[in-house]
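The values are calculated or read from the model by the stated rules, or taken from the named source; none is laboratory data. Here the structure is a predicted model, which is why all the values come from computation and not from measurement. Note that each Cβ is placed from the backbone with ideal geometry, even for glycine, and that neighbours are counted across all protein chains shown.
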């Protein structure tokens, strides 16, 4: 079996829920299908945007299976299966694998906050042994309390079939070190919107973040930066940064992102309890930034074509 090469625009779609918290699989299929039509290169199902923490194990299997049925092998599907213990992570990973995931996306164990290099590596090694799928390491210390340093990432790579890392520290110095040390070994994906453009310029394999996909097919220009002028790159970077910031810091994540998905005409649904939807004032703020950054121009093109 050839190694899965991770490169380009990866996306973590929302998981649409009804106002009552019900899982809306048809709406989820529509969201995934539209992103696929816009040219994304791969998916992370049940990521942060997908409210993985709110899904029951059977629901995880349902969303992964729905994504696999929608994508039909046209793009790789990673599934977020992280839990605190290795045993629970393995159980979720087995569900995802059975449902059709091509790979797993795993964070270090959360809640412990100061897990050692040996403990983190042991976790990845145990999952890899039990569920032999390609692994994307997700570094998000804001959520886990553990920063995947170059030394820790190297230790993980020694015990697991790592094909990519989603780097979401927000620390550009750290990202620079990861690209330098691992850029020729695995797919380094920029995980924070405000450094997608500079990361790609430095040689990152792609990105797995929030903001560019709202431009639809026009987001593909990020993977062809050599065709853009310096002024065009700056403009794109500034707009992505503004959108990323308003989506990350308005309401509780991913309420603002779900609102944005609804605003461009897709069925993003509601967040699940305990997250509340945005207030009317917050929605106005998000809509204003999306409008100023040109997002709705693409949405109008899509609606006229449908």
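Regarding residue 231, is this residue surrounded by fewer than 16 Cβ atoms within 10 Å (Cβ to Cβ), modelled with pLDDT of 95 or more and at negative phi?
Working: surrounded by fewer than 16 Cβ atoms within 10 Å (Cβ to Cβ): yes; modelled with pLDDT of 95 or more: yes; at negative phi: yes.
Criteria met by residue 231.
Out of all the residues in segment 61-91, which are within 19 Å of residue 111 (Cβ to Cβ) and touching a strand residue (DSSP E or B) at 6+ places or on another chain (Cβ under 8 Å)? Scanning segment 61-91 gives 80, 81, 82, 89.
Against the test of being touching a helix residue (DSSP H, G or I) at 6+ places or on another chain (Cβ under 6 Å) and either farther than 25 Å from residue 182 by Cβ or in contact (Cβ under 8 Å) with a residue 24 or more places away in the chain (or both), the options 99, 54 yield a single qualifying residue, 99.
A search for C-beta distances below 8 Å between a residue of segment 142-162 that is at positive phi and modelled with pLDDT of 95 or more and any residue that is part of a loop (DSSP other than H, G, I, E, B) and surrounded by 23 or more Cβ atoms within 10 Å (Cβ to Cβ), counting only pairs 6+ apart in sequence or on different chains, returns nothing.
Residue-level check: of (1) under 19 Å from the mean Cα position of the chain (by Cα); (2) buried (at least 17 other Cβ atoms within 10 Å of the Cβ), residue 147 misses just (2). Going by the structure shown, is residue 292 over 19 Å from the mean Cα position of the chain (by Cα) and either under 25 Å from residue 28 (Cα atoms) or crowded, with 18+ Cβ neighbours inside 10 Å (or both)? No. Is it the case that some residue within segment 164-171 is at pLDDT below 95, surrounded by fewer than 21 Cβ atoms within 10 Å (Cβ to Cβ) and in contact with a strand residue (DSSP E or B) (Cβ under 8 Å, 6 or more places away or on another chain)? Yes - at least one qualifying residue is present in segment 164-171. Annotation for segment 106-117: no member residue is in contact with a strand residue (DSSP E or B) (Cβ under 6 Å, 6 or more places away or on another chain) and touching a residue at least 40 places away in the same chain (Cβ under 8 Å).
The residue that is surrounded by the fewest Cβ atoms within 10 Å (Cβ to Cβ), among those in segment 59-96 that are out of contact with any helix residue (DSSP H, G or I) (no Cβ under 8 Å at 6 or more places or on another chain) and in contact (Cβ under 8 Å) with a residue 24 or more places away in the chain, is 85.
Can you tell which of 284, 258 is under 18 Å from the mean Cα position of the chain (by Cα) and either surrounded by 16 or more Cβ atoms within 10 Å (Cβ to Cβ) or without any contact (Cβ under 8 Å) to a residue 40 or more places away in the chain (or both)?
On the way: 284 fails: under 18 Å from the mean Cα position of the chain (by Cα).
After ruling out the rest, the residue left standing is 258.
Restricted to segment 1-15, and to residues that are in contact with a strand residue (DSSP E or B) (Cβ under 8 Å, 6 or more places away or on another chain) and not in a strand (DSSP E or B), which residue is surrounded by the fewest Cβ atoms within 10 Å (Cβ to Cβ)?
Going through the qualifying residues, I end up with 3.
Residues of segment 261-277 that are crowded, with 21+ Cβ neighbours inside 10 Å and either free of Cβ contacts under 8 Å to residues at least 40 places away in the same chain or assigned to a loop (DSSP other than H, G, I, E, B) (or both): 266, 268, 269, 271.
Residues checked against (1) in a loop (DSSP other than H, G, I, E, B); (2) farther than 25 Å from residue 53 by Cβ:
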{"site": "147", "(1), (2)": "yes, no"}
{"site": "155", "(1), (2)": "no, yes"}
{"site": "163", "(1), (2)": "no, no"}
{"site": "177", "(1), (2)": "no, yes"}
{"site": "221", "(1), (2)": "no, yes"}
{"site": "238", "(1), (2)": "no, yes"}
{"site": "244", "(1), (2)": "no, no"}
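Based on this model, can you work out whether residue 251 counts as at positive phi, surrounded by 14 or more Cβ atoms within 10 Å (Cβ to Cβ), modelled with pLDDT of 95 or more and not in a helix (DSSP H, G or I)? First the steps, then the outcome.
Working: at positive phi: yes; surrounded by 14 or more Cβ atoms within 10 Å (Cβ to Cβ): yes; modelled with pLDDT of 95 or more: yes; not in a helix (DSSP H, G or I): yes.
Yes.
When residues in segment 172-212 are screened for being surrounded by 23 or more Cβ atoms within 10 Å (Cβ to Cβ) and farther than 24 Å from residue 76 by Cβ, 0 of them pass.
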